[in-house]
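J.: Have a look at the structure that comes next, please.
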Amino acid sequence: MSTTDVKQLAGLFHLTLHSGGAPGAPTDTLNLTVYTPKREVTGYSLVTQATNPPLHVASHVTGTLIYETVTGPGSKIRIDLNGWPEIHWPPQAGIGPVIPQNYKAILVLEPNYASGVIRYEYRTDLSGPWHVVEQPVHAA
């Protein structure tokens with residue numbers, strides 16, 4: 001998707017974002033579906049890092065699209081996301097347990113959705129501590 005393509009996005013569209021920071025830092029890849037009429041966002045987050053053992057936190061995410069006016073020129077698009085681990089239930093398994101959240105994010109994007117900043121939190125163990133990362137993000 002080129003920069004000129006994303007300037008007019010409205011309705012229902014797919015948005016792929018990739019965060020990046022210092023070499024060796026965790027990265028977050030987001031595959032989102034944005035529905036602007038109801039300001040709803042849903043999709044998938046994958047936090048990875050090349051460590052030993054490798055970091056691999058996959059989450060189904062849902063969130064809200066917010067249009068904000070900020071100090072300085074222009075305005076920004078904010079997306080607040082919450083995520084839960086992906087669960088692959090066996091067929092006809094019934095209702096499962098309550099699953100704790102493993103992912104939270106706040107994205108602040110330029111009006112064309114092409115770049116911005118993400119602050120995300122993840123945890124590798126559902127009862128463990130939250131790890132906080134803030135990085136630039138760009139359309140993939």
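J.: Here is a check on your reading of the model: is L65 closer than 17 Å to R39 by Cα and of a type outside the set (G, A, S)?
T.: yes
J.: Sticking with this one: May I ask you to list the residues in the range 116-125 that are touching a residue at least 40 places away in the same chain (Cβ under 8 Å) and closer than 14 Å to V47 by Cβ?
T.: Scanning the range 116-125 gives I118, Y120, Y122, R123, T124.
J.: Moving on. I need every pair where a residue in the range 79-99 that is touching a residue at least 40 places away in the same chain (Cβ under 8 Å) has its Cβ under 6 Å from the Cβ of a residue that is in a loop (DSSP other than H, G, I, E, B) and open to solvent by 60 Å² or more (accessible area, probe 1.4 Å), sequence separation at least 6 or different chains.
T.: Taking only residues 6 or more apart or on different chains, not a single pair turns up.
J.: Every residue in the range 108-129 that is aromatic (F, W, Y) and modelled with pLDDT under 95, please.
T.: Listed by number, the list holds a single entry, Y113.
J.: What do you reckon, is Y113 open to solvent by less than 60 Å² (accessible area, probe 1.4 Å), part of a strand (DSSP E or B) and under 17 Å from T29 (Cβ atoms)?
T.: It is false that Y113 is open to solvent by less than 60 Å² (accessible area, probe 1.4 Å), part of a strand (DSSP E or B) and under 17 Å from T29 (Cβ atoms).
J.: For the range 81-107, how many residues are modelled with pLDDT of 90 or more and among the aromatic types (F, W, Y)?
T.: Of the residues in the range 81-107, 2 are modelled with pLDDT of 90 or more and among the aromatic types (F, W, Y).
J.: What are the pairs, 6+ residues apart or on separate chains, where a residue within the range 126-138 that is farther than 16 Å from T48 by Cβ and open to solvent by 20 Å² or more (accessible area, probe 1.4 Å) has its Cβ under 6 Å from a residue that is part of a strand (DSSP E or B) and not aliphatic (A, V, I, L, M)?
T.: W130/E121; V132/E121; E134/R119; H138/S115
J.: Right, here's the next one. Where the second residue is part of a strand (DSSP E or B) and small (G, A, S) and the first is over 17 Å from R123 (Cβ atoms) and lies in the range 21-47, which pairs have Cβ atoms under 7 Å and are six or more apart or on separate chains?
T.: Qualifying pairs under 7 Å: L30/G43; L30/S45; N31/G43; L32/G43; T33/G43; V41/G63.
J.: Here is a further query. Being under 19 Å from G128 (Cα atoms) and polar (S, T, N, Q) is the requirement here; does T42 meet it?
T.: It is false that T42 is under 19 Å from G128 (Cα atoms) and polar (S, T, N, Q).
J.: Among the residues of the range 68-92, which ones are open to solvent by 60 Å² or more (accessible area, probe 1.4 Å) and on the phi < 0 side of the Ramachandran plot?
T.: Passing the criteria: T69, T71, P73, R78, N82, W84, E86, I87, H88, W89, P90, P91.
J.: Oh, and also: With the checklist (1) open to solvent by 50 Å² or more (accessible area, probe 1.4 Å); (2) of a type outside the set (S, T, Y); (3) assigned to a strand (DSSP E or B) in hand, flag the one item L65 doesn't pass.
T.: The failed condition is (1).
J.: Let me ask something else. Being among the hydrophobic types (A, V, I, L, M, F, W, C), surrounded by fewer than 17 Cβ atoms within 10 Å (Cβ to Cβ) and touching a residue at least 60 places away in the same chain (Cβ under 8 Å) narrows it down to one residue among L17, L55, L107, L12; which is it?
T.: Of the residues listed, the single one that is among the hydrophobic types (A, V, I, L, M, F, W, C), surrounded by fewer than 17 Cβ atoms within 10 Å (Cβ to Cβ) and touching a residue at least 60 places away in the same chain (Cβ under 8 Å) is L55.
The values are calculated or read from the model by the stated rules, or taken from the named source; none is laboratory data. Since this is a predicted model, take the numbers as computed values, not measurements. Don't worry about glycine lacking a Cβ; one is built from the backbone with ideal geometry, like all the others, and counts go over all protein chains shown. Ligands, DNA and RNA are stripped out before the accessible areas are found, and what is left, the full protein with its side chains, is counted by its heavy atoms. Shrake-Rupley method; radii C 1.70, N 1.55, O 1.52, S 1.80 Å.
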